[in-house]
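Notes follow once the structure below has been shown.
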Amino acid sequence: MSQDTSEQRRVHAILPYAREATGKKITQAHAYVLSGLIIAGLGIYHWFYEGWRENIIFAASITAALIAAMTFATRRLLMSVATVAAIVAMIVVAADVKRRYIEMVLHAYDVVFYLTSWATIRFLWVDHRVYLIAIAVSFALTALLARTLYSWDSTRISRTLSGGLLVIFSCLALWASHAKGERRNTLFYWDNLYLSSFYASWSETFETLMKGQLLEALKSQKKPLFTIPASCTPDEKPPHILLIHQESVVPPFHFPQLDYDRALDPFFKSFDGQVHKLRVETYGGASWLTEFSVLAGVSTYSFGGMRTFVQSLMQGKIHDTLPQALTRCGYDNSVFYPVPKDFVSNGRFYAAVGMPQIFDYKAQGATRFNERDKFYYANVLTQLEKHIATSNRPTFNFIITSATHLPYTYTYEPEVQVPGGGAGTDAEMNEYLRRLAMAKMDYDEFRAQLQKRFPNERFLIVQYGDHQPVATRIYLGFDKSYAAEDMKLDPDSPGFITYYSVDGVNYTPPPLPSVDALEVPYLGTLLLNEARLPLSPSFAERVRLLGLCEGRYYTCENKREILGFHRRLIDSGLVEAR
């Protein structure tokens, strides 16, 4: 009996070890080797595809911190390394697919957006079913991989070690985030930095989630909801409207130290002989921010850290826009765009806000992205002739110019003899002034052609400078080595002041508002007023706010009025803010 008991004790003593041994599918040595190979693969990817040194350190540190965090939670190195590697692969593939479709890489808010929007999931199921299935399968396989390796992985890493590494890599990521500099507006559009772009978007996504919505607004307000009129009936046939986005144009007289040909000055004057200031929300680039504010009638600043992506995030979510208001009033709307319509997802945005007819550089027969302004004007004149010959409907033409765009390090059309700056003028500013002189020549000829070709038609022309050129940075107190996105400007900075002008051909517009500077979200409302068109309730409210805030919007002293207006837009369904 004692012999049997002794044998049983021996069996019971070794049974736990036997079970553990039979459950170990991967030895520690093999697990460490596999982990090392996967880490090497991740290192190679970061080194070759995530840009410059500081950016590589930023992305690699976050990836390493994720591995350390998972190892701290599970104590299993191989399982943590393989799972994070699978997640990295999913991010890279998803970013590449997204860029192919909308010219923008993956943003962390995309995950929130797609997981919380059944309408979007239904859209993906109908139009992109293969990708939706692939995403679901990828998530399932990653979860299965993690679960399997949790059982098979024999490594048991000390939490002291993994926790210490988590702190070290997190601190290194914070340092690299600062060292690599401010994220550029174009990062999600032009660069293939898929992983670091995604990581960099975490903070603004968290900010948006804490705010509960994309658009800054009061939590509640008591004013009545806005409605959209079913139609618009002007008192008389309204004028054709030409909205000209003058790329990188600012009146040079804003900088008294400049010596230039004063014959340029009339280019900036309105029909009343006055120069009217426009306060925009970007400097030296990111024109789409200005376009959004003009067309949507909302400040991009009100979207916080997400403002760089307003056109892609808000596609189909902004209603009662400027083009939609014009459509109700009988207008046919067109865009003349100097680059591919997929650039920063602009084409989809234009169509969503009421301008489905897009003549991009290819449709216009352009051979470069910065044709002379007269090239685009000639295409507009051709389309006007076709339209007026066959239709009695007024037209709205949104024309985006490009010749005055940077860089200013080469002579644009050197055969054209136009004045630049006086003696001692900075070389970039001298080139900018040359291009500005050509822009004035082309506009003057365009206006003359409108008068000549269409003597019986009325035209309202509204021009605006979308932002200042980088050539002004030295006159704003910045070093010439600064890129536009390296410059930190307060919303009230003179670097955000450009201009708008209003003119008429066979048409006299009503008086313009008397304010020091008009902030860009009001420009669309001003255009409707200058065309003498009936205003919907939301645009009428913008007129009230324009007067109350003396032309200011985001910087209005009575900010609650603006935030209350945003709440009314959201509650009325005119802005879908999630």
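The values are calculated or read from the model by the stated rules, or taken from the named source; none is laboratory data. Not measured: the values here are computed from a predicted model. Cβ placement follows ideal geometry from the backbone for every residue including glycine, while neighbour counts extend to all protein chains displayed.
For the condition in contact with a Lys or Arg (Cβ under 6 Å, 6 or more places away or on another chain), within 24 Å of Arg348 (Cα to Cα) and among the hydrophobic types (A, V, I, L, M, F, W, C), Ile400 does not qualify. Tell me yes or no: at least one residue of region 427-440 is out of contact with any Leu (no Cβ under 7 Å at 6 or more places or on another chain) and among the aromatic types (Phe, Trp, Tyr). Scanning region 427-440, I find at least one residue that is out of contact with any Leu (no Cβ under 7 Å at 6 or more places or on another chain) and among the aromatic types (Phe, Trp, Tyr), so the answer is yes. Within region 483-528, the set of residues being closer than 11 Å to Glu281 by Cα and among the acidic types (Asp, Glu) comprises Asp490, Asp492, Glu519.
When the criteria are applied in full, Thr382 fails the requirement of being within 29 Å of Pro323 (Cβ to Cβ) and either under 28 Å from the mean Cα position of the chain (by Cα) or surrounded by 14 or more Cβ atoms within 10 Å (Cβ to Cβ) (or both).
Within region 295-309, which residues are free of Cβ contacts under 8 Å to residues at least 40 places away in the same chain and either closer than 23 Å to Val543 by Cβ or assigned by TED's automatic domain parsing to the domain that holds Asp490 (or both)? Selection gives Thr300 alone.
For Gly297, state whether it is crowded, with 22+ Cβ neighbours inside 10 Å and not aliphatic (A, V, I, L, M). Judged against the criteria, Gly297 is a match. Residues of region 284-298 being β-branched (Val, Ile, Thr), part of a helix (DSSP H, G or I) and over 17 Å from Thr404 (Cβ atoms), which ones? Of everything in region 284-298, just one residue is β-branched (Val, Ile, Thr), part of a helix (DSSP H, G or I) and over 17 Å from Thr404 (Cβ atoms), namely Val294.
Confirm whether Trp190 is surrounded by fewer than 16 Cβ atoms within 10 Å (Cβ to Cβ) and either over 30 Å from Asn346 (Cα atoms) or at pLDDT 80 or above (or both). In short, no. Restricting Asp466, Asp479 to those that are out of contact with any strand residue (DSSP E or B) (no Cβ under 6 Å at 6 or more places or on another chain) and among the acidic types (Asp, Glu) reduces the list to Asp479. Residues in region 206-246 that are crowded, with 21+ Cβ neighbours inside 10 Å and more than 30 Å from Ala577 (Cβ to Cβ): Pro238, Pro239, His240, Leu242, Ile244, Gln246. The set of residues in region 563-578 being touching a helix residue (DSSP H, G or I) at 6+ places or on another chain (Cβ under 9 Å) and either assigned by TED's automatic domain parsing to the domain that holds Tyr109 or within 16 Å of Met314 (Cβ to Cβ) (or both) consists of His566, Leu569, Ser572, Leu574, Val575, Glu576, Ala577, Arg578.
Here Glu281 clears all of (1) charged (D, E, K, R); (2) within 23 Å of Gly477 (Cβ to Cβ); (3) outside any loop (DSSP other than H, G, I, E, B); (4) within 13 Å of the chain's Cα centre (by Cα) except the condition numbered (3).
Of the numbered conditions (1) out of contact with any helix residue (DSSP H, G or I) (no Cβ under 7 Å at 6 or more places or on another chain); (2) more than 25 Å from Thr205 (Cα to Cα), Met355 satisfies every one except a single condition; which is it? Unmet condition: (1).
Entry remark, region 542-555: residues being surrounded by fewer than 20 Cβ atoms within 10 Å (Cβ to Cβ) and either modelled with pLDDT of 95 or more or assigned by TED's automatic domain parsing to the domain that holds Gly330 (or both) number 5 in total. Applying the condition of being of a type outside the set (Lys, Arg), touching a residue at least 24 places away in the same chain (Cβ under 8 Å) and surrounded by fewer than 20 Cβ atoms within 10 Å (Cβ to Cβ) to region 557-569 and asking which residue is farthest from Leu225 (Cα to Cα) yields Leu563. For Asp444, the stated conditions hold: it is surrounded by fewer than 20 Cβ atoms within 10 Å (Cβ to Cβ), under 18 Å from Ala378 (Cα atoms) and either at pLDDT 95 or above or in the same structural domain as Arg393 (by TED's automatic domain parsing) (or both).
The number of residues in region 276-297 that are in contact with a Leu (Cβ under 7 Å, 6 or more places away or on another chain) and either closer than 25 Å to Leu209 by Cα or at pLDDT below 95 (or both) comes to 4.
Checked against the criteria, Val520 counts as aliphatic (A, V, I, L, M) and either closer than 14 Å to Ser299 by Cβ or not assigned by TED's automatic domain parsing to the domain that holds Ala296 (or both). One residue stands out among those in region 390-440 that are among the polar types (S, T, N, Q) and within 26 Å of the chain's Cα centre (by Cα): the one that is farthest from Pro323 (Cα to Cα), which is Thr404. In region 314-337, of all residues being assigned to a loop (DSSP other than H, G, I, E, B) and among the hydrophobic types (A, V, I, L, M, F, W, C), the one that is modelled with the lowest pLDDT corresponds to Met314.
Residues that are hydroxyl-bearing (Ser, Thr, Tyr), in contact with an Asp or Glu (Cβ under 9 Å, 6 or more places away or on another chain), part of a loop (DSSP other than H, G, I, E, B) and crowded, with 20+ Cβ neighbours inside 10 Å do occur in region 359-375.
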